[in-house]
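Let me begin by presenting the structure, written as structure tokens, before commenting on it.
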Amino acid sequence: MKLNQISKIFIIGSVISLPVTAAELEISVTNLTHGNHFTPLLIAAHDMDSHLFQAGEMATPALQKMAEGGDIGDLDAAVTGVGGVTIANPAAGLLAPSGKVDSIMLDTGDMTHLSITAMVLPTNDAFVGLDAWKIPTEAGSYTFTLNAYDAGTEANDEIVNGGGMSGVPGIPAAPGGDGGMNATGVMDMSSNDKVHIHPGVLGDTDLQGGMSDLDSRVHRWLNPVARVTVVVK
């Protein structure tokens, strides 16, 4: 065998044996809404077969828990349980309207996909979501917007009553202190019980009654609701 053939075989073998190079990500998330908060964010790097949610599919109990009450604990555990890595609550609490959390550093290890989620307050079961975005292998800055989804687990009655447990009707709170009270409730005629794009809220201008405890001058929103920038190092 010639020397150059031996060299080629050695080089190919070396490349094959190299470990997968981890991607270091710097992430920022901006709340684009006028008057709505995001509950604690969950940012997760995972393999291609894992999902925090999937549009057109039934919500998992872990997703329902987050979408109705803002609790990301079960989703976090599900990701780390299959070898993924997470950053939980990088804003150290609620992310206010027009608020931004940046310089979130995430070492993805050998994970290939990125997901993000948080409940939108005040809503019944709306959440901002990024589902299994494939992390680019080329270094650079990538910016995109995120929609809000309806978990399909609760009727959108728009009543603020402190309800945040899974299966308990109502909205946990209006964090800005700008919600109403004594609403009769919005009649939610939707029969879609799967994860889908959220239609937004109706609200009204009667803070002492009416059909909704949400103020249409403050809490109404249209998609998209968030902007994300990912810098791949």
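Would you pick out the residues in segment 93-111 that are farther than 20 Å from ARG227 by Cβ, in contact with a strand residue (DSSP E or B) (Cβ under 8 Å, 6 or more places away or on another chain) and either surrounded by fewer than 16 Cβ atoms within 10 Å (Cβ to Cβ) or of a type in the set (Asp, Glu) (or both)? Let's see the steps before the verdict.
The first filter runs over segment 93-111 and keeps only residues farther than 20 Å from ARG227 by Cβ, leaving 107-111.
With in contact with a strand residue (DSSP E or B) (Cβ under 8 Å, 6 or more places away or on another chain) added as a condition, the list becomes 107-109, 111.
The answer is ASP107, GLY109.
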Just a yes or no: is a residue in segment 171-185 touching a strand residue (DSSP E or B) at 6+ places or on another chain (Cβ under 8 Å), within 30 Å of MET48 (Cα to Cα) and surrounded by fewer than 21 Cβ atoms within 10 Å (Cβ to Cβ)? no
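Taking into account only those residues within segment 155-170 that are hydrophobic (A, V, I, L, M, F, W, C) and surrounded by fewer than 18 Cβ atoms within 10 Å (Cβ to Cβ), which is nearest to SER216 (Cα to Cα)? Explain how you work it out, then say what you get.
Filtering segment 155-170 down to residues hydrophobic (A, V, I, L, M, F, W, C) leaves 155, 159-160, 165, 168.
Then keep just the ones that are surrounded by fewer than 18 Cβ atoms within 10 Å (Cβ to Cβ); that gives 155, 165, 168.
Values: ALA155: 18, MET165: 25, VAL168: 24 Å.
Within segment 155-170, the match that is nearest to SER216 (Cα to Cα) is ALA155.
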- Of the residues that make up segment 197-217, is at least one charged (D, E, K, R) and surrounded by fewer than 17 Cβ atoms within 10 Å (Cβ to Cβ)? yes
Of the candidates ALA67, ALA62, ALA78, the one satisfying the condition of being buried (at least 18 other Cβ atoms within 10 Å of the Cβ) and either closer than 22 Å to VAL201 by Cβ or touching a strand residue (DSSP E or B) at 6+ places or on another chain (Cβ under 6 Å) (or both) is ALA67
Here the residues within segment 16-49 that are at pLDDT 95 or above, in contact with a Ser or Thr (Cβ under 8 Å, 6 or more places away or on another chain), part of a loop (DSSP other than H, G, I, E, B) and closer than 23 Å to LEU106 by Cβ are LEU32, LEU41, ASP47, MET48
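The values are calculated or read from the model by the stated rules, or taken from the named source; none is laboratory data. This is a predicted model, so every value here is computed, not measured. Methodologically, a virtual Cβ is constructed for each residue, glycine included, from the backbone with ideal geometry; neighbour enumeration extends over all protein chains shown.
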